[in-house]
Amino acid sequence: MKSEISRREFLARISAAGFGALAVSATKAWALDAITNPLAAYPDRGWENVYRDLWKYDSKYTFTCAPNDTHNCLLHAYVRDGVITRIGPSMRYGEAKDLAGNGTTHRWDPRVCQKGLALTRRFYGDRRVNQTMVRAGFKRWHDEGFPRGKDGRPDESYFQRARDEWIRMPHAEAAVIVAAALKNIAETYTGEEGMRRLRNNTMTKR
Ligand code: SF4
């Protein structure tokens, strides 16, 4: 059966067998003692600062996390060189008070979940929608003056979600469309006539 021993085992064995001098010379020949403390002998330990500075940041700010749930946790974002490098709990839930002055408890802290901690991946993800867009049909509905049928409902051809194309536009232009649409909706469903339309629409849906 093939048996292998390491150099150190070999030296230990020949030392134990009374060949100490041979062990010392072999140790020198194989440079086993050349570096007794690697951390003390390395010429440049600057690279270690990368690890020490891993948590360093230039500034931080508080924000409300709301990726796709309703918890709205109050978190801190840590920024370095203009990039959010990490996210953490704000640890300040215990200081919150309601309008009557009732305090809450620190037992809410640390309030954050894995989704919140990984939110930077969404901020900088290549799938993030980072430009204002409007569905082609919705834009057409706006451009044509929000036409509606007798019951107040617009034609369904304007609202082809998941089938329609998206049109990119500047933020200011999109804001105008949003404001005009909200105004139109508010006016359509206001007062007695608005209530009647709303009721009709609800009944029709059923
Ligand atoms: S930290 Fe988690 S639970 Fe809190 S809002 Fe973000 S995703 Fe929701």
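No other residue among THR36, THR85 is loosely packed, with under 14 Cβ neighbours inside 10 Å and free of Cβ contacts under 8 Å to residues at least 60 places away in the same chain apart from THR36.
For the criterion of being away from the ligand (no atom under 15 Å from the Cβ), modelled with pLDDT of 95 or more and either assigned to a loop (DSSP other than H, G, I, E, B) or among the aromatic types (Phe, Trp, Tyr) (or both), TYR57 passes.
Pull up the range 60-86, narrow it to residues that are in a strand (DSSP E or B) and among the charged types (D, E, K, R), then point me to the one that is nearest to the ligand (Cβ to nearest atom).
The qualifying residue nearest to the ligand (Cβ to nearest atom) is ARG86.
Looking at GLY152, is it without any contact (Cβ under 8 Å) to a residue 24 or more places away in the chain, more than 16 Å from the ligand (Cβ to nearest atom) and at positive phi? Steps first, please.
Values: without any contact (Cβ under 8 Å) to a residue 24 or more places away in the chain: no; more than 16 Å from the ligand (Cβ to nearest atom): yes; at positive phi: yes.
No; evaluated as a whole, the condition is false for this residue.
Filtered by the rule that a residue be in contact (Cβ under 8 Å) with a residue 24 or more places away in the chain, in a helix (DSSP H, G or I) and more than 15 Å from the chain's Cα centre (by Cα), the range 93-139 gives ALA136, GLY137, PHE138, LYS139.
Just one of the listed residues (GLY101, GLY18) is at pLDDT 85 or above, exposed (fewer than 15 other Cβ atoms within 10 Å of the Cβ) and more than 16 Å from the ligand (Cβ to nearest atom), and it is GLY101.
If I ask for residues that are in a loop (DSSP other than H, G, I, E, B) and either surrounded by 13 or more Cβ atoms within 10 Å (Cβ to Cβ) or modelled with pLDDT under 95 (or both), which ones from the range 167-189 would you list? Passing the criteria: MET169, TYR189. The set of residues from the range 140-166 being more than 17 Å from ARG197 (Cα to Cα) and either in a helix (DSSP H, G or I) or touching a Ser or Thr at 6+ places or on another chain (Cβ under 7 Å) (or both) comprises ARG140, TRP141, HIS142, ASP143, SER157, TYR158.
The values are calculated or read from the model by the stated rules, or taken from the named source; none is laboratory data. Predicted model only: the values in this text are computed from it and were never measured. FYI the Cβ positions are ideal-geometry reconstructions off the backbone, even for glycines, and counts take in every protein chain you see.
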